1. Suppose R0 equals 35 Å. What FRET efficiency, 1/(1 + (r/R0)^6) with r the Cβ-Cβ distance, do Glu152 and Arg335 give to the nearest 0.05?
2. Would you please put 329-337, 297-305, 149-157, 64-72 in order of how densely packed they are, using the mean number of other Cβ atoms within 10 angstrom per residue and starting with the highest?
3. Jot down the per residue volume, in cubic angstrom and as a whole number, of the convex hull over the alpha-carbon atoms of region 25-72.
4. About the Cα centre, and with charges only on the beta carbon of Lys, Arg (+1) and Asp, Glu (-1), how big is the dipole of the chain? Nearest 20 debye, please.
5. Using the number of other C-beta atoms within 10 angstrom as an exposure proxy, rank Lys143, Lys328 with the fewest first.
6. Expressed as an acute angle from 0 to 90° and rounded to the nearest 10, what is the orientation of the C-alpha long axis of helix 23-33 relative to the principal long axis of the chain?
7. What's the exposure ranking of Met1, Met191, going from fewest to most Cβ atoms within 10 Å?
8. What's the Kirkwood radius of region 8-52 in Å, using all Cα pairs?
Amino acid sequence: MVRKTVEEINAKIKAGKAVVVTAEELIPMVREQGSEETAQNVDVITTGTFGPMCSSGAFINLGHPVPRMRMTKVQLNGVEAYAGVAAVDAYLGATQIPETDPANKNFPGEFNYGGGHVLEDLVAGKEVLLEATSYGTDCYPRKKLEKMIRLEDLPQAFLFNPRNAYQNYNVAVNLSDQTLYTYMGILKPNMGNANFSTAGQLSPLFNDPYYRTIGPGTKIFLGGGVGFVSWHGTQHNPGAPRDENGIPASPAGTLAVIGDLKQMSPRWLRGISYLGYGVSLMVGLGIPIPVLDEDVVKFAAVSDDEIFAPVVDYSESYPQGLGQVLEKVSYAALRSGEITVNGKVVPTAPLSSYYGARQIAAALKEWIRKGEFLLTAPAFNIPCTGGNPDYGNLGFQSGS
């Protein structure tokens, strides 16, 4: 039986002797060698995902002007940031849109700019217009500020995303006779298309389905820089029924993550817009999985043809909160370009980038291989209910 600890693996990384493979590379290895032999030979498995993650944003300290100011309303390039945090702290949400945006008029027009685009501009080193107002106080007398800012000149700015890296998600279709404009993209009437948004076999929480090695304190690739898991994410719901590979049948676990915005790259933080819906942020996220034992390898070797996602009608079932599943389809089928739902062949399209996920897993692999990135054990396990009783809420055991 293979047993390793994070400390032992880190020692091998420091010595340049660690064997690192991506989750995609692991699959044929396990098929050829089996889980136990692969676990003996491999030390770290890297994962990746690059897709729209709406529940994202950044805390930004804008710095005190002279005279000082308690900012009560803040706009960055015309996009409002929440200023009810502290004197010159604000939180810019990725999905925030300007007041002049057509989305505020219920008009399915072009959406070109929002919070996600501001974040991309900041990490790209571009100047951003800061407009701030205040009611003025004795200690913060200034009432108005307008200036151009750059990320490098700000005292602090860190990405804090309340909900990223969803563990499985819906495949969206539209059974109505009207075109729908949704956060899952444009859905053609009469089930004319199906959109999905998960990296499948490369996605982090598919490769550690019971969260044995991923939790608060886990060091990750985030937006092109180094970040950490800070908590389980909002809407974290890991109690869905799971198959023998630990894969939930519906949207389940999520992660809250944090990282220094100044380390990040516009390659891996990209503002995007959806016709008729609004804006969001493409986030690049990768998580290393330490090979503690054979079970880690067994679960991480899951392939797209073994991972199934629920097909949900976004014309009625989803808006009503029912989420009724029309069909379950594999990610292999989704990536093939078409699926069959209720006997009808439906073309598919990903909102996330598998190519980007592959690049992230490869970049993280290279960081570790070069000794530039050491692993961290989570401080404790995130909630895991309805799963394998051997792995649920037992506390992280680095050698287990």
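We did not get these values from a lab; they are worked out from the coordinates using the rules stated. Predicted, not measured: the structure shown is a model, and the values here were computed from it. Here the Cβ positions follow ideal geometry from the backbone for every residue, glycine too, while neighbour counts run over all protein chains shown.
1. 0.35
2. 297-305, 329-337, 64-72, 149-157
3. Here the figure is 166 Å³ per residue.
4. Result for the chain is approximately 1020 debye, rounded to the nearest 20.
5. In increasing order of surrounding Cβ atoms, one gets Lys328, Lys143.
6. 0 degrees
7. Exposure proxy ranking, most exposed first: Met1, Met191.
8. 11.5 Å
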